[in-house]
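Structure first, commentary second.
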Amino acid sequence: MSVGPVTPESTTAPSSDNTAVGLAPNTQENTRVDLLNFTWSELENLLQSWGQPKYRVKQLFRWIYEELETDFNNMTDLPKALRQKLCDEAAVGTLEVESVADSVDGTKKILYRLQDGLRIESVLIPEEKRNTLCVSSQVGCALGCRFCYTASLGPGRNLTVGEYIAQYLDTARMLPADRSITNVVFMGMGEPLVNFNNLMQTLELLTDERGLNLGRRRLTVSTAGLCPQILQMGTKFPVRLAISLHATTNEQRDDLMPINQRYPLETLFETLQEYRKLTPTYHMPITLEFTLIEGVNNSMADAQRLAKLAHSIEAKVNLIPYNEHPGAPYKRPSQTNIVKFRDELQRKKIRATCRTTRGDDIYAACGQLAIHGPEDEGVSTAEAPEPRVVPHHRKRRN
Ligand code: SF4
């Protein structure tokens, strides 16, 4: 199986390039600038180019990220003329919520339509102390992992910064006023490190203390193992890292995840050692995600090799029982076999947890990112870190 393109690509060029922010040209409606593509300093520049004082950015950030406002007419401390210009030329987000599926366990799967008609999904996983949002990074994915339904959608396009941030804000608006999204995991459709530049800018916006103010430890990027980009992220913007490992030998992994042919296990684990050296002050252990597939990777020998790999980088292991979906060639192991595998890791002193499958009934569980419903699947969700601090509360207008 060939490996898809793995070069980081930026599709974001705030304000000047509408096609780059996912907006089709030629109509007044869709040539608006999506303000969610802009960092603080970029928005400052845009406002200055409109003859506005710098401090307007503070007002706009407050309306967008604290009040969760989308209607410029309601931004009452902005001058009328600026409000009118914003109404005419800008937008706060471009996603359209097409449907929301609610699971009996509280998980919500949100299907969005993008401006170019493509669709993506986010999954909200509410728990007692935290609300974790799993966001998509691309429409489809070129990496071709054999167990993943998103791969069957083929290579799509990178999401823009605005499309990343809108997944957060649109979901935040669905929560009761006293709840916030506390954790974000980049484990939805697509490989986030292929969308490297937009991912970095999104992390910057999510953590900006003048805006959403999320701590780095509450953000997790999951990758199939793009080694150069892992190191780039370690240098540029380290956050929690999760590796979709799913196999313990190169032979097995070459077959399940073609990216391994480019970055085999030895290279991947050397890279992870380096990543740890680059991020010593953050104390963020790496997570190895391991989907258990009956008869493929769930033998005791697999558990022992996995323990050895985890020890080498002091990683914890998150076991994910394979989520079967229509047409899937693989089977989920029995509960007895799952427990045996986990116990073997724990016997080897590995911190191993077995992910509770959430949203099974709405096809929102890991590997089931559904685009059209049960016939056409696939989403990844993940274990997310407990928030260290109580999330900030936002005032809501309604
Ligand atoms: S598991 Fe991740 S990297 Fe692999 S095909 Fe699916 S979305 Fe892409």
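Only the coordinates and a few stated rules stand behind these numbers; no lab work does. In this text, all values refer to a predicted model and were calculated from it rather than measured experimentally. Ideal geometry is used to build each Cβ from the backbone, glycine not excepted, and the neighbour counts take in all protein chains shown.
Brief remarks on what is shown
- Theoretical gain in end-to-end length, Glu266 to Thr353 [0.36 nm per residue, Cα-Cα removed]: 28.9 nm
- As a size descriptor, the averaged projected area of the C-alpha convex hull of region 27-91 was calculated at 4.1 nm².
- Near the amide H of Val33, within less than 5 Å, lie the amide hydrogens of Ala90, Ala91, all on another chain or at least 5 residues away, with H placed in the peptide plane.
- The alpha carbon convex hull volume per residue for region 155-197 rounds to 83 Å³.
- Of the residues Phe290, Leu306, Tyr275, the one whose Cα sits farthest towards the positive end of the charge dipole of region 267-317 is Tyr275 (charges of +1 on Lys and Arg Cβ, -1 on Asp and Glu Cβ, taken about the Cα centre).
- Region 185-313, relative contact order [Cα under 8 Å, separation at least 6], %: 24 percent
- In this simple spin-label approximation, Asp105 and Glu209 carry label points 7 Å from Cα along the Cα→Cβ vector, and these lie 3.7 nm apart.
- Charge dipole of region 96-362 about the Cα centre (unit charges at C-beta), most positive-ward option of Val104, Gly154, Phe341: Phe341
- Nonlocal amide H pairs with Asp105, under 5 Å, H built at 1.01 Å: Gly359
- Using the Cβ-Cβ distance between Glu274 and Gln346 with R0 set to 35 Å, the FRET efficiency from 1/(1 + (r/R0)^6) comes to roughly 0.80.
- Summed side-chain charge close to Leu245 - residues other than Leu245 whose Cβ falls under 10 Å, Lys, Arg +1, Asp, Glu -1: 0
- Inter-label distance, nm, simple model (7 Å from Cα along the C-beta direction), Glu67/Lys129: 3.4 nm
- With the simple model of a label 7 Å out from the Cα in the direction of the Cβ, Gln59 to Ser41 spans 2.4 nm.
- Summing Lys and Arg as +1 and Asp and Glu as -1 over all other residues whose Cβ lies under 15 Å from the Cβ of Lys331 gives a net charge of 0.
- Legend: distances between Cα atoms for Lys58/Lys85; Lys54/Lys85; Lys109/Lys236; Lys108/Lys129; Lys54/Lys80; pairs beyond 24 Å are Lys109/Lys236.
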